[in-house]
Amino acid sequence: MNNFLWAIGFLTIIPIDRENRLKPQGKIPVACWFPVVGFCIGIFLSLMYLPLSVFFPPLVDTALIIFLSIAITGAMHLDGLADTCDGIWGGWNREKRLEIMKDSRIGSFGAMGLICLLGLKYVSLLSVGEIVPVHCAPYGIGRDYIPSFVPPDVVNKGVALLLMPVAGRWAQTCAAGLSTYARSESGTGSIIAGGTTPKQVFSAALFPVFAFWFFYHLYGFVIFAIITIFTLGWIWYIKKKIGGMTGDTLGATNEIAELVFLLNLLFFIND
């Protein structure tokens, strides 16, 4: 279980390994555990959302839950998104882009990327809660299994929060296994990108496929396929710009894939 525990400690602020004793090892790479860790994060967000929805209006509880999603990860993925935006669109060649991405300071492209993504994620998550489909619940669950006193908007947003981190971490696993590490020097990104193979990506897909099917049935398969296709396009684009993935681009992959998941959810569930 070292790889699973390491993945939790890496992707969240939970102090799993204060003394840095856990090291990725074994036949199952750490990236294969990312979707499962994403599900654990989703459980946390869903459980926190329930009391927030009782005490605060939707405009506020949505903002608070986004803040919690940032806090539980230590804003690591957003930092990667900002660095990726600065490097990819601020540099004029591969070497300059990688150099800019190493700079701890945020530039104009990074700031714009953060504002646009967080704004879109906020309104998308808010809209998911406002949708009341014909079945009054995610299609895969079925209203018969949900207590009558739970409002449909709470169910919709709660399930979205449960699966949103799974979508992002699956995209990270896919990007890590189907790409190469862009930098010559080793780093945390090299452990993830360099230690995952395409065959292992296929194995890691089983959990998110089941989770999406369980809650959304056929729509879940379609959403999963769209996220995967987007990730493949993103891998191609980043490889064209810097030659492969880095830790920053993997973080950006997570954030953008979560937004893609929410947008697709609005498209398919909205009547």
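The values are calculated or read from the model by the stated rules, or taken from the named source; none is laboratory data. Bear in mind the structure is a predicted one, so any value in this text is a computation, not a measurement. Because the Cβ atoms are built from the backbone with ideal geometry, glycine has one as well, and the counts that use them run over all protein chains shown. Areas reflect the complete protein model, heavy atoms only, side chains present, ligands, DNA and RNA absent. Shrake-Rupley method; radii C 1.70, N 1.55, O 1.52, S 1.80 Å.
Details
- Cα gyration tensor, the range 1-129 - rounded (a/c under 1.5), prolate or oblate: oblate
- Helix screen, the chain: DSSP H segments with Cα axial length of 30 Å or more and mean Kyte-Doolittle hydropathy at least 1.6 are 34-55.
- Cα gyration tensor shape for the range 69-114, rounded if a/c is under 1.5, else prolate or oblate: prolate
- For the range 45-97, the solvent-accessible area works out to 48 Å² per residue, with a probe of 1.4 Å and every protein chain left in place.
- For the range 47-89, backbone nitrogen atoms closer than 12 Å to the point 7 Å from TRP236 Cα along Cα-to-C-beta are found at no residue.
- Ranked by solvent-accessible area (1.4 Å probe, protein heavy atoms only, all chains present), the residues LEU126, LEU50 order from largest to smallest as LEU50, LEU126.
- Percent carbon-and-sulfur accessible area, the chain, ignoring ligands, DNA and RNA, probe 1.4 Å: 69
- Relative contact order for the chain, counting Cα pairs under 8 Å that sit 6 or more residues apart, in percent: 26
- List CYS32, CYS40, ordered by accessible area with a 1.4 Å probe, largest first: CYS40, CYS32
- Test item: Cα-centred dipole of the chain, Lys/Arg +1 and Asp/Glu -1 on Cβ, debye: 760
- Dipole of the chain [Lys/Arg +1, Asp/Glu -1 at C-beta], most positive-end residue of GLY220, GLY233, PHE268: GLY233
- Computing Cα extents along the principal axes in Å for the structure here picks out one of (i) 77, 45, 37; (ii) 50, 47, 37; (iii) 57, 42, 36, namely (iii).
- Structure remark: mean-square fluctuation, Gaussian network model of the chain, C-alpha springs under 10 Å; the largest value among PRO29, PRO198, PRO51 belongs to PRO51.
- Across GLY158, GLY91, GLY251, mean-square fluctuation computed from a Gaussian network of the chain (C-alpha pairs under 10 Å connected) peaks at GLY91.
- Per residue, the range 173-271 exposes an accessible area of 44 Å² to a 1.4 Å probe, with every protein chain left in place.
- GNM result for the chain, Cα springs below 10 Å: residue of LEU81, LEU125, LEU47 fluctuating most strongly: LEU47
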